[in-house]
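Below: one structure, written as structure tokens.
Where a number appears in this text, it was derived from the coordinates with a stated rule and is not lab data. Please read all numbers here as calculations on a predicted model, not as lab measurements. Here the Cβ positions follow ideal geometry from the backbone for every residue, glycine too, while neighbour counts run over all protein chains shown.
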Amino acid sequence: MRYRIEHLTAYAYGQGVSISHHAARLRPLHNAYQQVADFQMKVSPRPDKLSQKRDYFGNTVDFFMIQDLHSRLEVTTVSHVTVSSETTPYLNASFPWESVRDQVKRERTEECLHAYEFCFPSRHVPVKEAFREYAAPSFPPGRPLLEAAMDLTTRIHTDFKFDPKATTISTPPMEVLEKRKGVCQDFAHLQISCLRSLGLPARYVSGYVRTEPPPGQPRLLGADATHAWVAVFCPGLGWTEYDPTNDVIPTNGHIRVAYGRDYSDISPLRGTVVGGGSQRLTIGVTVEPLDDETPAPAQPEATPAAPAQTQVQIQSQTQTSQTQTAVSSAPAPAPPQKQD
Amino acid sequence: MDETLTVKPEPGKQAEPNRFQRWLKNYRPEEGVYDELLDESGAIRPGWSRFLEQIDRIRPDDFSERWHQAQRVIRENGVTYNVYGDPQGTDRPWDLDPIPFVITQQDWQQLEKGLIQRARLMDAVLADLAGPQNLIRNGLLPQEMLFSNQRFLRPCHGLPASAGHFLHFYAVDLARAPDGRWWVVSDRVQAPSGTGYGLENRLVVSRMIPEVARECHLVRLARFFDRMRESLAAASPNAREQPHVVMYTPGPYNETYFEQAYLARYLGLTLASSEDLTTRDDRVFLKTLDGLQPVDVMWRRVDDEFSDPLELRSDSRLGVAGLLQAVRAGNVAVLNLPGSGVVENPAIMAFLPVLCRRLLNEDLHIPSVATWWCGQKPALKTAVDQIDRLVVKHAFEKGTIPVRFGGTMPAAERAALIRQVERDPFAYVAQESVTFSQAPVWSSQGFRPRRVSIRVFLVAHEDGYQVMPGGLTRVAGESQTAPGISMQQGSGSKDTWVLSEEPLPAYFSKYETRFPIVIRRRRVHYSSRSADNLYWIGRYAERSEFTTRLLRSVIIPLSSEGGFGSLTEVGPIWDLLCQLGLLLAPTWRKEPAAQGIAALENALKDAVFNEEMLGSLRRINGQLQRLAASSRDNLSLDTWRIVRSLGEDLKRPAPTGPISDMLPVLDNLITLHAALSGMARENTTRNPGWRFLDLGRRLERATYVTNLITLVLEEEEPARSTCLDAVLQVFDSSITYRQRYLFEPRLLPVLDTLLLDSANPRSLAAQIEELDAQLAALPVEKNRAFFTEGRKVTVRALAQLRTMDLGAREPDHEKQILYEIRLLLSGMKPQLAEVSSDLDRQYFSLLQLEQSTAETRVRPPKG
């Protein structure tokens, strides 16, 4: 399946920004199952410096810096991607989950060493008894790993309510587990917590998903958004992906952008600014299939129309350091940064 | 472990039980502990006997007196250690014992050999973990050691080494076991602290007993610090004749800020925190008054995960965005490399013997404290089985759980601890508890034994590592069995003396001679933050002095026989104190009896001594002292001492006696202020820093003249005339006035003296002239077609003041003049504010911190 993906991230600042640094992980992955025919990134205002590196997990990071005064930043990427991940694995043909757990821990093959790193807690993924307990019904002794993981995926999909208002970017998975509410990122972190609490290697995948318009209606531009799901490792089979938000095994309806231990490793756009004041963030993603329009069978069901652009009002959390600007007639109050 | 490190008693020494009684009569070493001073037979060990021989020549009274002086120096130099969460405030005075820890050079050289080996080993381990990770692949280190270690920072993986080393600064905490062998208690890898405290200890103690140091052939530290300079310069990736090296500090609230500022000054480095630094095009720059200046080498004292908010912790306010990219691009050397914290943990100690054999093909010379990392099955079993005699610690995170001694724990607690360890074995280590050796500390009754450990420092250079000949000896409290391992835990310290057999040739620093001499008339880099700090020091100094003068001029009449009645003579001064928030309700002037004299006196005492009160003298002086503390790299020791006295003198309860008791206190403060402004005038080079200090002072003083004269003009006659004497006194202008006018103070002549006469250094005109001259000399003012906004103000105000004429020939004319003066004064306030905000725009706005942007939350395909 071929796609054209357009992804806009825009920041509007309350005050001018005199310098900003950003690190973007917006390039779709290029590998055996997914080929990137073309990738363009447009940054406005024009950055002074663009550079690239591969991060620890193999994702490409684009760094850029802007040092002209600006009050708006727009990053637009356009990717042309062919996804050829047609088949889903035979879930019951995988090893029992306990043997995967033990093998990954024991073996020092490149493959296992790499996977083992994803068995440990990371910033957004705690390893706790509570997660193990939640996951336990899906993991009876001897059950094939991939089948058990699918069962867990389905249970999360059933037990948890999709609710963008229930959580924020920093809601810990423990709270998500208690509230039974959240968004795809929360579900992904939760599922990874469950898997790692069982000693299994699980990683976080960021990317896009193709959504289908309701029957008879044209596709809504910008309705799509960045998405997140998980992947589980099984020796010999590599990484198998699961999307707990949609209760599917991602195939060619999902476009992969980056892998990491959790969101904080691969956040799509990370930055620092000097100045700026309040920030208003706008994100818009359009995933456009370029082949015929027949929906793939394993895709999520139709959803109500979303607003054309998702707007998030975010107050800047850190105050800019203000310097004293006036000689006060009553000089008693000290300048803010010098006070005790 | 080399047997030679165990010191054998020298024959012949035992036969002198009565020597050094003055020092040793109360020295009762504890059994079962290695005693640094006495061997098993009670004889004095060789190094110590040489030391005692010398120190015994000092008369007892003389020694006490010298020690008393030395302690005063420590206090006045403001040697401090910030303890987080200390209710006594952040600055804790440095606790030093006058008796050094003594070790012979022969013993020391054995130790050195082992420490250099360990540094090479750590360097090799870091090189592997930051790169190919073969140690993990080959099974020499368990994978979990790396993967469950929160200090393994993935963005730092692959950063390049500088000058061939991953490890540049390294420190080791050592303890001596009962059998005399040295053990490593902990490794300090990511940003080791203590070198500066060690150096300061040396300066204090060697100045206190110089003859002892000389006669004992004390090995000096100068060569080591030269090596340190060389090493820093050699790490520079850029071909510059003299690389720009900065001390990258977390700032004044950091626990070891004193040391950072101290070392920066000693080694000639620029002290720079995140506000001072920025990156452009993958290069690091210092923000200076002359714009951005490139930085080549950074001695990092900020923890690695806080050092770059773009790639590491985004909530860090101590970091420099883009720092890692600059390191990757090879444009700056950061020492130690961010990410080196990965080997700063007790768990790795369990693997060092094997790693040493494999990586260096040598046996590990100095053993570490026996350590079991619970992440391995057999080790976990040992830990659980022997928990009664072991200490359980977190494997990778410092301070997250208190160190637990299994033996002293109630059974239920011990069981809970075991469960905790079994549940998350990777996170814990068990260690044998260390028996520290004891060494003498001084008391007025002679030596007393206390437990000690020593922290030794190493620095990388081209041929390997250099060990500081000495170090920081830390001393446990009385009846404690271990000195605090982290300096946070607060323990005493000692200088560490390595004694050579032979007299030492004089050493002259060779560092400077490597570079051709360039005559400079200005400092190479003047950071904007330094200027900003000095500007505020100027303002607070003036604020303090002026408030002192105001209060004194009110207290004088109150304590005279006139009492309440005399307050009419200081009406506007009282009003100004009310405006400053120091005195409440000016209603006393209408009905003085209503408030009562006691209430009035208490209010005045509060205005001086009450720290809770905004604007009180104690509070202002405290702020001044804090500002000065964060500018230590720019202030002379003498200046610091004066500022410190201003702050410390008020840290006591208000006198309970009559109000006149406060006058000597205030007089003393005025004298200190005279000393402070004298330092600024006579002892400070006319560089940009001095200009900002002066600008702060002038702006503040100009504001006060303006405000007080405005209040004078609001008074009605006859009060307006009766207050003039006091007003002249506030501005120290009584004598000037009297010498010129033979009559009692009258309005127009007073106004001329205080506003227009620029020959009077306290007049408004004098302040504006000085402001104008200082602004004219600042970098921004040069090379531009038009004046800056601030300069426009001073030029205009100066013209206004110079063209004003107060000569009143007719009674009506006086009214006209007063009208003009009121106009002048009301215009002056906003103009002074403009000067201040323009300084801000021109020089300090660069100092804004970087903040992280809101992260894009991953949004769902649904909804």
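Structure summary
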item: Karplus-derived HN-Hα couplings along the range B:410-426 (A = 6.51, B = -1.76, C = 1.60, θ = phi - 60°), whole Hz, x at Gly and Pro; result: x, 4, 5, 5, 5, 4, 5, 5, 4, 4, 4, 5, 5, 5, 9, x, 4
item: Principal-axis tilt of helix B:789-802 within chain B, Cα atoms, nearest 10 degrees; result: 30
item: Whole-angstrom gap from the range A:241-281 to the range B:230-287, using each part's C-alpha centre; result: 36
item: Debye-sum result for the protein assembly as shown in log10 I(q)/I(0), which assumes one identical scatterer on each alpha carbon, at q = 0.04 Å⁻¹; result: -0.29
item: Relative pair counts by distance (%), Cα atoms of the range B:621-692, 10 Å bins; result: 18, 46, 24, 10, 2
item: DSSP-defined antiparallel bridges as percent of all bridges, the protein assembly as shown, nearest 5; result: 85
item: Acute angle (nearest 10 degrees) that the helix B:257-267 long axis makes with the longest principal axis of chain B, alpha-carbon atoms; result: 90
item: Hull volume in cubic angstrom per residue (convex hull over the Cα atoms of the range B:531-684); result: 110
item: On Cα atoms only, tilt of B:222-234 relative to the major axis of chain B in degrees; result: 90
item: Order of B:ASP805, A:ASP151, B:ASP128 - criterion: other Cβ atoms within 10 Å of each residue's Cβ, fewest first; result: B:ASP805, A:ASP151, B:ASP128
item: Integer Hz, Karplus 6.51/-1.76/1.60 couplings in order for the range B:95-102, x for Gly and Pro; result: 9, 10, 9, x, 8, x, 7, 10
item: Residue order, fewest to most surrounding Cβ atoms within 10 angstrom, among B:VAL384, B:VAL554; result: B:VAL384, B:VAL554
item: Cα-Cα over 29 Å, subset of B:LYS25/B:LYS113; A:LYS105/B:LYS381; B:LYS287/B:LYS782; result: B:LYS25/B:LYS113
item: Ascending count of other beta-carbon atoms within 10 Å, so fewest first, for A:ASP186, B:ASP463, B:ASP56, B:ASP757; result: B:ASP463, B:ASP56, B:ASP757, A:ASP186
item: Simple label model, 7 Å out from Cα along Cβ direction - B:ASN668 to B:SER443, nm; result: 3.2
item: Rounded FRET efficiency, nearest 0.05, which uses the C-beta distance separating B:LEU713 from B:ASP805 and R0 of 25 Å; result: 0.90
item: Hz values of 3J(HN,Hα) by residue in the range A:87-103 - Karplus curve (6.51, -1.76, 1.60), Gly and Pro given as x; result: 9, 9, x, 6, 5, 8, 8, 7, 5, x, 4, 5, 6, 5, 3, 6, 5
item: Relative contact order (%) - chain B, alpha-carbon pairs under 8 angstrom, separation at least six; result: 14
item: 5 angstrom amide H check on B:ILE99, placed H, neighbours 5+ away; result: B:TRP442
item: Options B:PHE692, B:ALA628, B:ALA261, ranked by Cα towards positive dipole end of chain B, top entry (Cβ charges); result: B:ALA261
item: Computed over the range B:685-846, Cα set: Rg, Dmax in Å; result: 17.0, 54
